[in-house]
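Visitor: Below is one structure. I have some questions about it.
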Amino acid sequence: MMEPLLKVENLKKYFPVRGLLRTIGYVKAVDDVSFTINRGETFGLVGESGCGKTTTGRTILRLVEPTSGKIIFNGKDVTKIRGEEMKEFRRRAQIMFQDPYSSLNPRQTVFEVIMEPVRFHGIPVDDPEEFVIKLLESVGLNEMHLYRYPHEFSGGQRQRIALARLLALKPEFIVLDEPTSALDVSVQANILNMLKDLQKKYGFTYLFISHDLGVVKYMSHRMGVMYLGKLVEVGPAEKIFENPLHPYTQMLLSAIPVPDPDLARELKAKRMNVEGEPPSPINPPQGCHFHPRCPFAKAGLCDKKEPPLIEVEKDHYVACWLYAKS
Amino acid sequence: MSEPILEVRDLTVHFYTYAGIVKAIEDVSFDVYKGETFALVGETGCGKSVTSRAFTQLIESPGRIVKGKVIYHKEDGSTIDLLKLDEEEVRKIRGKEVAYIFQDPHASLDPLYTVGHQIAEAMVVHNTVKDWKEGFRKAVDILRRVLIPDPENRVKNYPHELSGGMKQRVVIGTGISNNPRILIADEPTTALDVTVQAQILELMNKLKREYNTTLILITHNMGVVAEMADRVAVMYAGKIAEIGSVDQIFKNPLHPYTQGLLRAVPNPLAKIERLDAIPGTVPNLIKPPKGCRFHPRCPHATEACRKEVPKLKEIEPGHFVACHLY
Amino acid sequence: MTQEEYKKGILDRLSDKLVDVIASFISLFKKDWKKKNRSKMEEWKLMLYALNRSPPGLIGLILIGMFIFLGIFGPSIAPWSYRYFPVFENMSTYLAPPGTEAYLPFSEKTITYPLGADHYGRDLVSLILYGARTSFVISIIVILLGVPLGIILGLIAGYYGGKIDELIMRITDMFLAFPALILAIAFSAVLPERLQGFINNHEFFESLFLKIFALQPQEAGNLGKLLAVILAMVIVWWPAYARITRGSTLTEREKLYVEAAKAIGLSSRTIMFKHILPNIIGPILVYITLDFGGVILMEAGLSFLSLGATPPIADWGRIVYDGSQYFPEKWWLVTFSGFMILLVALGWNLLGDTLRDILDPKMRRSIEFKVKKQKQMEQMEKEGEENV
Ligand SMILES: Nc1ncnc2c1ncn2[C@@H]1O[C@H](COP(=O)(O)OP(=O)(O)O)[C@@H](O)[C@H]1O
Ligand SMILES: Nc1ncnc2c1ncn2[C@@H]1O[C@H](COP(=O)(O)OP(=O)(O)O)[C@@H](O)[C@H]1O
Ligand SMILES: [Mg+2]
Ligand SMILES: [Mg+2]
């Protein structure tokens, strides 16, 4: 049952920052990240904007080449594959983007959008039209939409089309990069429910990226919290929400406004002091990246040495000197 | 008994576009009480911004305020209709007595001037200060009030030298520089990360307490509403659906739309098995549905809902709803 | 704006019909094409509808239509061959003014000159008809070779970026650093001999070019110069296209649908030509239209500098050049052929400007709403109720 589908090991992605003539530094967008996603589960990735969530997702799919590290998909390292193997990987691992307005080619009809990957991968279909209609119906659209262009659809509908395109390939693994953050809450609920249903039906494995903790909690079985290119806490979603270990996770949780006035009043009193903003990933702080904002930072330790990611309780990892021995 | 500071009556704004007349808001009526935080919530495009901008005639062509009154209770107890004022008179009110803070801090600040200059300018325009020199001196005070560290030096910074959260603090500073009696914050934290959002919300609460300002908070985030608001108006497709205190709205939502909206938000602190999504999408405002504008998506819609526009009725003290169910 | 104003007129019904006929025609070969491309057909109809509303566009279209007609059939309907020199038979045909009639004793014919004659006594009407073919062929070849070259290089540079981009763009810059005319003059001066050598050795090309330029076999020795200007113009024409294509590609490749295409596994070539190109072709098309006029003007300019078409080949620029020596007393040569150049260049420009408007989605959308206001609204309403 708990069979890993994807294992990311020490993944790094540095983007060079170009000066006038030469590279003057690196944006360490993803800096030594390791985690595992089991088959059929949803792994949530949260963090504030710019912390490297999207880059992690894109690097795993090799839409950008990793600087170093291993991506083991189905027991095979995919960082070096090419040709036919790559093509097969592309079919099995897919991505859905945040912005529904630019993720569909404005010059392709829905039919073309969905059939293109199918044809490219040589997936046999008897009646293409029938095939596409079936897919559209499975995402809540219908025959009427077959030969329309993207601009004729709303944001929510476009995300459905994007989803139908993924389904056509019958992938195993899908990176969902904030698939609902451009949508309104009522539409968001529709899409989230549909993603859950599809997962149940087809056994998809998701990497669910979001900055919205409520959404991540709703979707994920396990999750990771990212800060400045690093994973600071990994574990089952339930556990992280019940018992957040890393001070950054605690800060994030206490910063979310809860849609319940009683609870809000109650929490107001015992809220953790939320301070500062994430610094630039070009020159991240020494030691633990979070120490300048951390109320528990120990001088001489947290600002010098990077904490390792250690298992504190079963399957619950945290990178913080509060829990590790130096 | 709380006394009103703003009475909005039958406010109607139309946009005359090539596609047709966009009935952005129709017959919007509500009171805002002195010293309270009044939240205007609803999904994108429901008319929150248009409503708040109409207060001080900030509607640009092709929009026009078709009818309505916005009665403003002045400090001395007299009342005026803000919509009857001419451009010159309304400019004296706008920015001085009624100030705005907009969503995007990057767009609200002029990149060519220092933040000190921009805050000082707001005061110079309204003659709150004698001259520019005093303006700059006061600007330092204001930066201190919005909790910007090292205000003496920050005042000389250009917007691009500040982080997103700092910029929004400056924008708030500009807004409060003339000690306005009403502060209208239009999605002030939508562009910000949660930890920064928490800080900005706290800052607004602090300022409101200190200066007894009336805060009109516009947002689509139910969490922010629960944390901040005293009273809430829920808008749907250009009309008010429901008005009440926070507790009334969250604990006893009457309008099916409010109920749906609350159920669609994934609350990070609650265990949710399945979100209840509202079917359908927001209607087109050029030809909105007849009768109740929510009826095509409403689970309780009856014949009456299709035919008649529901009026706002008081169901319990201070709790109004526009729905044929009551 | 009244409802009346946007009713479909005869022209609109005609253009709708045209689209339908074309669609039916394609459907003959591709099953269900019509059904699958309903949206596309609607779009075409709207474009034509917008064109019908634009008098300058229509004028441009008519002018270009006439030019193309003359370009194709001009030499066949010309009353006299360009290689027939009446002045050798009757000296009075030398620069005969418009309206002159002359008797040609050897061929025993009477020749009339509606627009006058040149210094060989050739009929200006015939020369203009032959010249249309020359301009037409030259502009088509230049655009057909130069533009795709520029587009391909621009796409490659913009899509791959990095060193490849650097290399292509530096070369482009080198070409753009010189004024186009000067560069064209330089190439037209250097190239003829080689091209002539090539033509002399390849009979197939010799007869091909003679045919498409509607020239007689005696002109074979002059083809080199003619082809030299064409090649010279191709060389100066592609860099501008490389640059605009690269610019649009740079913005387009950042769009998520390009990344989605990569995620599917599509090759770079497919992404460039099937995804990016269709999305940036609109503005390029406008440029092409405007440039047809530009090519004709430059070709005329080069002929005027006695590069390119050599007498007796009929060429509008050349006629202006020859005529200028007798201007203003013998005004007709310069005036009529100059006027033709002007009309054609104007036609392409009017068409290009209108195309720019029509291809602008905002503009088209406004027209769309005006045309099918009622239908559109009903559809929107229906959808609002039924879906998602
Ligand atoms: N193609 C790129 N080139 C340079 N820097 C990039 C690129 N993509 C992302 N970055 C940088 O990497 C960091 C992480 O970005 P991203 O992964 O998009 O964050 P998130 O998705 O968490 O908001 C940011 O600082 C961003 O500026
Ligand atoms: N300049 C404009 N032109 C045409 N329609 C507009 C314009 N501004 C706003 N609208 C319309 O008014 C409605 C309400 O907009 P707005 O108040 O900005 O919504 P919200 O702030 O609730 O997201 C929208 O349906 C929008 O289409
Ligand atoms: Mg991202
Ligand atoms: Mg708004």
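The values are calculated or read from the model by the stated rules, or taken from the named source; none is laboratory data. Worth saying up front: this structure is predicted, and the values here are computed from it rather than measured. Because the Cβ atoms are built from the backbone with ideal geometry, glycine has one as well, and the counts that use them run over all protein chains shown. Surface areas here come from the heavy atoms of the whole protein model, side chains and all, with no ligands, DNA or RNA. Shrake-Rupley method; radii C 1.70, N 1.55, O 1.52, S 1.80 Å.
Visitor: Per residue of A:101-109, how many C-beta atoms from partner chains lie within 10 Å of its own C-beta, taken as a mean?
Guide: Average neighbour count from other chains, rounded to a whole number: 6.
Visitor: Looking at the protein assembly as shown, send over the antiparallel percent of its DSSP beta bridges, to the nearest 5. Walk me through the numbers on the way to the answer.
Guide: Numbers: 67 of 104 bridges.
Beta bridges within the protein assembly as shown, antiparallel portion: roughly 65 percent.
Visitor: Give me the orientation-averaged projected area of the Cα convex hull of the range A:183-237, in nm², one decimal.
Guide: 4.3
Visitor: Normalised by the number of residues in chain A, what is the relative contact order in percent for Cα pairs under 8 Å and 6+ residues apart?
Guide: The normalised contact order for chain A reaches 20 percent.
Visitor: Could you calculate, for the protein assembly as shown, the ratio of the Cα radius of gyration to the Kirkwood radius, expressed as Rg to Rh?
Guide: With Rg and the Kirkwood Rh in hand, the quotient comes to 1.05.
Visitor: When each pair of different Cα atoms in the range C:237-287 is counted once in the 1/r mean, what is the Kirkwood radius in angstroms, to one decimal?
Guide: One over the average 1/r among Cα pairs gives 11.4 Å for the range C:237-287.
Visitor: Another question, if that's okay. Under 4 °C and 1.567 mPa s, how fast does the range A:53-106 diffuse according to Stokes-Einstein, given a Kirkwood radius computed over C-alpha pairs? Answer in µm²/s, whole number.
Guide: Approximately 105 µm²/s, per Stokes-Einstein.
Visitor: Per residue of C:245-256, what is the mean number of Cβ atoms on other protein chains within 10 angstrom of that residue's Cβ? Intermediate values should be presented prior to the final figure.
Guide: On the way: counts 0, 0, 0, 0, 0, 0, 0, 1, 0, 1, 7, 12.
Neighbouring Cβ atoms belonging to other protein chains average 2 per residue here.
Visitor: Quick one: of the DSSP bridges fully inside chain B, what percent are antiparallel, nearest 5?
Guide: Once the DSSP bridges in chain B are tallied, antiparallel ones form about 60 percent.
Visitor: May I ask you to give the solvent-accessible area per residue for the range C:76-124, in square angstrom, as obtained with a 1.4 angstrom probe?
Guide: Result: 50 Å² of accessible area for each residue.
Visitor: First select every other residue whose beta carbon is under 14 angstrom from the beta carbon of residue C:98; then total the charges, Lys and Arg +1, Asp and Glu -1.
Guide: Spelling it out: positives minus negatives among the neighbours equals -2.
Visitor: With a Förster radius of 60 Å, plug the Cβ-Cβ distance of residue A:88 and residue C:211 into 1/(1 + (r/R0)^6) and report the FRET value to the nearest 0.05.
Guide: Working from the Cβ atoms, E equals 0.70.
Visitor: Determine the share of the protein assembly as shown's accessible area contributed by carbon and sulfur atoms, expressed in whole percent, with a 1.4 angstrom probe.
Guide: 57
Visitor: Oh, and also: Average projected area of the Cα convex hull of the range B:1-134, in nm²? Write out the running numbers ahead of the final one.
Guide: Numbers: hull surface 42.2 nm².
Average of the hull's projected areas for the range B:1-134 equals 10.6 nm².
Visitor: Taking only C-alpha pairs under 8 Å that are 6+ residues apart, what is the relative contact order of the range A:172-320 in percent?
Guide: Details: 171 pairs, mean separation 29.3, N = 149.
Once divided by the residue count of the range A:172-320, the mean separation gives 20 percent.
Visitor: How much mean residue ellipticity at 222 nm does chain A get from its helices, if each DSSP H run of length 4 or more adds -39500 (n - 2.57) and you divide by all residues, to the nearest 500 deg cm²/dmol? Don't skip to the end; give the middle numbers.
Guide: Working: 10 runs with 103 residues, N = 326.
When only DSSP H runs of four or more count, the value is -9500 deg cm²/dmol.
Visitor: Which one of C:102, A:45, B:176 is farthest out on the positive end of the charge dipole of the protein assembly as shown, using unit charges on Cβ (Lys, Arg +1; Asp, Glu -1) and the Cα centre as origin?
Guide: Of the listed residues, the answer is A:45.
Visitor: Normalise the Cα radius of gyration of the range A:238-307 by 2.2 N^0.38 Å (N = residues in it) and let me know the number.
Guide: Computed over Cα atoms of the range A:238-307, the ratio equals 1.29.
Visitor: Taking chain B on its own, what percent of its Cα-Cα pair distances exceed 29 Å?
Guide: On the way: 21166 of 52975 pairs.
In whole percent, the share of Cα-Cα pairs in chain B beyond 29 Å is 40.
Visitor: Here's another thing I want to ask about it. Rounded to the nearest whole Å², what accessible area per residue is found for chain B with the 1.4 Å probe? Each step should come with its number before you reach the end.
Guide: Values: 13730 Å² over 326 residues.
Using a 1.4 Å probe on heavy atoms only, each residue of chain B averages 42 Å².
Visitor: Then there is this: Considering the alpha-carbon set of the range A:167-326 alone, what are its Rg and its Dmax in angstrom?
Guide: My reading of the Cα-based Rg and Dmax gives 17.6, 55 Å.
Visitor: Give me a comma-separated list of calculated 3J(HN,Hα) values for the range A:298-311, in order, Karplus coefficients 6.51, -1.76, 1.60 applied at θ = phi - 60°, integers in Hz, x for any Gly or Pro.
Guide: So the Karplus estimates, Gly and Pro as x, are 9, 5, x, 10, 4, 8, 10, 10, 7, x, x, 7, 10, 7 Hz.
Visitor: Working from the alpha-carbon coordinates of the range A:40-177, get Rg over Rh, Rh being the Kirkwood radius.
Guide: Reported Rg/Rh (Cα atoms, Kirkwood Rh): 0.98.
Visitor: For the A and B pair, go ahead and give the buried accessible area with a 1.4 Å probe, both sides summed, in Å² to 100.
Guide: Buried area (both sides, nearest 100 Å²): 3500 Å².
Visitor: Which order do the peptides B:160-169, A:202-211, C:195-204 take when ranked by the mean count of other beta-carbon atoms within 10 Å per residue, highest first?
Guide: Values: B:160-169: 19.3, A:202-211: 21.3, C:195-204: 13.5.
Taking the mean over residues of other Cβ atoms within 10 Å, the ranking is A:202-211, B:160-169, C:195-204.
Visitor: Is chain C best put as rounded, prolate or oblate by its Cα gyration tensor, with a ≥ b ≥ c the root eigenvalues, rounded for a/c under 1.5, and otherwise prolate when a/b is larger than b/c, oblate when not?
Guide: Oblate, since a/c reaches 1.5 and b/c is not below a/b.
Visitor: From the P(r) of the range C:216-308, could you give the percentage of C-alpha pairs in the tail past 19 Å?
Guide: So the portion of pairs separated by more than 19 Å is 57 percent.
Visitor: Just the number: Rg to Rh for chain A, Cα atoms, Kirkwood Rh, two decimals.
Guide: Numbers: Rg = 21.0 Å, Rh = 21.2 Å.
A ratio of 0.99.
Visitor: Along each of its three principal axes, how wide is the spread of alpha-carbon positions in the range C:77-139, in whole angstrom units, largest first?
Guide: Taking max minus min along each principal axis of the Cα atoms, the range C:77-139 gives 38, 20, 18 Å.
Visitor: In peptide A:262-269, how many Cβ atoms from other protein chains are near each Cβ within 10 Å, on average? Each step should come with its number before you reach the end.
Guide: Working: counts 5, 6, 9, 4, 0, 2, 3, 0.
Shielding by partners across A:262-269 averages 4.
Visitor: Net charge near residue B:140: determine it from the other residues with C-beta under 14 Å of the C-beta of residue B:140, scoring Lys and Arg +1 and Asp and Glu -1.
Guide: +4
Visitor: From the helices alone, meaning DSSP H stretches of at least four residues, give me the mean residue ellipticity at 222 nm for chain C, per-run term -39500 (n - 2.57), in deg cm²/dmol to the nearest 500.
Guide: That calculation yields -24000 deg cm²/dmol at 222 nm.
Visitor: So for the range B:111-203, considering every pair of alpha-carbon atoms, how many percent are separated by more than 16 Å?
Guide: Values: 2212 of 4278 pairs.
Here the tail beyond 16 Å accounts for 52 percent of pairs.
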